[in-house]
Amino acid sequence: MAKRVRIEPIAQVADIATNGALLSGLMGDELNILKECGGRGMCATCHVYIQDGMSSLSPMGKREQRTLEVITTCKPNSRLACQAKVMGEGIVVELPVGMYVQSIQDIEASPIQG
Ligand code: FES
């Protein structure tokens, strides 16, 4: 069964298969996620913050931990969307500022801009 994940600040929702990578819900037309390493947890171009529901994601593995350690924008709620698997409900993803959102309409539609 799919789990519903909210994506902020663009106020979108994605239904992701249980045990599916968070990344699969971030592949909409408006989001440009580079996936430089092909989803192997090595490049951090799929870095996101988890606003809520961290316990509904799979635990962090060693590779993800090592990759996050070297990026300067890493916070305690950082995850790599290609490595974090959706296990439960209540997940709210926050896209890092300046990443992924390409069109001005997305930014203008954002509730934090109002
Ligand atoms: S796509 Fe490279 S770390 Fe996720």
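Within the range 43-59, the presence of at least one residue that is in a loop (DSSP other than H, G, I, E, B) and exposed (fewer than 15 other Cβ atoms within 10 Å of the Cβ) is confirmed. All of (1) within 18 Å of Val5 (Cα to Cα); (2) assigned to a loop (DSSP other than H, G, I, E, B); (3) modelled with pLDDT under 95; (4) among the polar types (S, T, N, Q) hold for Gln83 with one exception: (3).
I'd like the residue in the range 21-36 that is surrounded by fewer than 17 Cβ atoms within 10 Å (Cβ to Cβ) and in contact (Cβ under 8 Å) with a residue 24 or more places away in the chain and, out of all such residues, is farthest from the chain's Cα centre (by Cα). Only one residue fits best here, namely Glu30.
If we scan the range 50-70, do we find a residue that is in contact (Cβ under 8 Å) with a residue 12 or more places away in the chain, farther than 20 Å from Leu34 by Cα, of a type outside the set (A, V, I, L, M, F, W, C) and touching a helix residue (DSSP H, G or I) at 6+ places or on another chain (Cβ under 8 Å)? No, every residue in the range 50-70 fails to be in contact (Cβ under 8 Å) with a residue 12 or more places away in the chain, farther than 20 Å from Leu34 by Cα, of a type outside the set (A, V, I, L, M, F, W, C) and touching a helix residue (DSSP H, G or I) at 6+ places or on another chain (Cβ under 8 Å).
Look at (1) loosely packed, with under 15 Cβ neighbours inside 10 Å; (2) away from the ligand (no atom under 11 Å from the Cβ); (3) at pLDDT 95 or above and you find that Ile91 fails only one, number (1).
Scanning the range 21-37 for residues that are in a strand (DSSP E or B) and at pLDDT 95 or above returns a single hit, Ala21. State whether the residues of the range 42-57 include one that is at pLDDT below 95, of a type outside the set (A, V, I, L, M, F, W, C) and in contact with a Phe, Trp or Tyr (Cβ under 7 Å, 6 or more places away or on another chain). Scanning the range 42-57, I find no residue that is at pLDDT below 95, of a type outside the set (A, V, I, L, M, F, W, C) and in contact with a Phe, Trp or Tyr (Cβ under 7 Å, 6 or more places away or on another chain), so the answer is no.
Scanning the range 5-20 for residues that are of a type outside the set (Gly, Ala, Ser), in a strand (DSSP E or B) and in contact (Cβ under 8 Å) with a residue 12 or more places away in the chain yields a count of 7.
Among all positions in the range 3-12, there is at least one residue which is within 13 Å of the chain's Cα centre (by Cα), surrounded by 12 or more Cβ atoms within 10 Å (Cβ to Cβ), modelled with pLDDT under 95 and of a type in the set (Asp, Glu). Restricting the range 73-88 to residues that are farther than 21 Å from Ile16 by Cα and more than 15 Å from the ligand (Cβ to nearest atom) leaves a set whose member that is surrounded by the fewest Cβ atoms within 10 Å (Cβ to Cβ) is Pro76. Val70 satisfies every condition listed in (1) over 15 Å from the mean Cα position of the chain (by Cα); (2) of a type in the set (A, V, I, L, M, F, W, C); (3) within 10 Å of the ligand (Cβ to nearest atom) except (3).
The values are calculated or read from the model by the stated rules, or taken from the named source; none is laboratory data. Note that this is a predicted model, so its numbers are computed, not measured. In this analysis, Cβ positions are derived from the backbone assuming ideal geometry, glycine residues included, and neighbour counts consider all displayed protein chains.
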